[in-house]
1. Restricting to the stretch 72-114, and then to whatever is aliphatic (A, V, I, L, M) and not in a helix (DSSP H, G or I), can you tell me which residue is surrounded by the fewest Cβ atoms within 10 Å (Cβ to Cβ)?
2. So, in the stretch 127-160, exactly how many residues are more than 22 Å from the chain's Cα centre (by Cα) and either surrounded by 14 or more Cβ atoms within 10 Å (Cβ to Cβ) or under 30 Å from ALA3 (Cβ atoms) (or both)?
3. Can you tell me which residue among GLY61, GLY55 is free of Cβ contacts under 8 Å to residues at least 40 places away in the same chain and more than 16 Å from the chain's Cα centre (by Cα)?
4. Has the stretch 135-157 got at least one residue that is in the same structural domain as VAL24 (by TED's automatic domain parsing) and either among the hydroxyl-bearing types (Ser, Thr, Tyr) or on the phi > 0 side of the Ramachandran plot (or both)?
5. What is the one condition in (1) farther than 25 Å from ILE147 by Cβ; (2) in a strand (DSSP E or B); (3) not basic (Lys, Arg) that ALA32 does not satisfy?
6. Given the conditions (1) without any contact (Cβ under 8 Å) to a residue 24 or more places away in the chain; (2) basic (Lys, Arg); (3) over 20 Å from ARG40 (Cβ atoms), report the number of the one that ARG168 does not fulfil.
7. Kindly provide the set of residues from the stretch 24-53 that are more than 22 Å from GLN101 (Cα to Cα), touching a helix residue (DSSP H, G or I) at 6+ places or on another chain (Cβ under 9 Å) and of a type outside the set (A, V, I, L, M), ordered by number.
8. Could you tell me whether the stretch 116-124 includes any residue that is among the polar types (S, T, N, Q), in the same structural domain as TYR66 (by TED's automatic domain parsing) and surrounded by fewer than 16 Cβ atoms within 10 Å (Cβ to Cβ)?
Amino acid sequence: MVAEGVCDLLPEYLYSSDLEKDFVFATEETFAYTTAFVIRREDPWRYNGIESIRGKRIATGPGWDYSSMSVDYQNYIDDRENADFVEVIAGYDDVVDRVFQMIKEGRVDLYADNELILQYVLHKLELNDELKIVHPGLEKKLHERPIFSRKIPAAKRQELIRIWDEGRMSINGKREKMLLDKYNVTFEH
């Protein structure tokens with residue numbers, strides 16, 4: 001929608017120089033997210049490389065790309081030989097909420113995502129007694145930045161990018177903690 005000019009901006013998108021023809025990225029990242037997995041509370045499983053997910057039923061969304069965090073994980077999901085173990089969840093409802101319910105019901109075993117999203121959804125759905133977040137996550141952090149439409153006038157786009165970059169740089173320390181506390185999430189250290 002941003003590339004088509006229906007929206008002026010999207011606050012987070014996986015950076016790729018290949019995409020700069022479709023939209024313009026801000027300079028400042030939204031965050032560099034640590035990834036984690038969500039599993040059923042009684043499950044002792046932990047991620048220990050790609051071999052550790054063999055035989056596990058994995059949830060993901062249509063077209064979701066994990067390659068910036070783990071090329072091996074993305075290749076596993078894309079490999080047709082693993083299709084019986086990869087459940088692509090689509091639809092108009094909140095996909096992540098549905099994934100959590102599917103894990104709780106035993107229909108899938110695990111799901112990888114930005115740790116802040118996992119924390120937020122776990123608290124929101126009140127599933128702390130049924131599910132848990134486990135570490136380590138995928139090998140690398142997820143780095144996302146806002147994107148801005150090339151369909152809006154250049155001056156307006158540059159002003160929006162300037163506002164974003166300055167605003168993001170000003171949110172650190174206490175202000176960042178206050179924002180994270182609002183959603184009951186924390187960065188793992």
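The values are calculated or read from the model by the stated rules, or taken from the named source; none is laboratory data. Because the structure is a prediction, the values reported are computed rather than measured. All Cβ positions, even for glycine, are placed from backbone atoms using ideal geometry, and neighbour counts span all protein chains on display.
1. ALA90
2. Looking only at that region, the number is 11.
3. Only one candidate passes the filter, namely GLY55.
4. Yes; the residues of the stretch 135-157 include at least one that is in the same structural domain as VAL24 (by TED's automatic domain parsing) and either among the hydroxyl-bearing types (Ser, Thr, Tyr) or on the phi > 0 side of the Ramachandran plot (or both).
5. (1)
6. Of everything listed in (1) without any contact (Cβ under 8 Å) to a residue 24 or more places away in the chain; (2) basic (Lys, Arg); (3) over 20 Å from ARG40 (Cβ atoms), ARG168 misses just condition (1).
7. Scanning the stretch 24-53 gives PHE25, THR27, GLU28, GLU29, THR30, PHE31, TYR33, THR34, GLY49.
8. No, the stretch 116-124 has no match at all.
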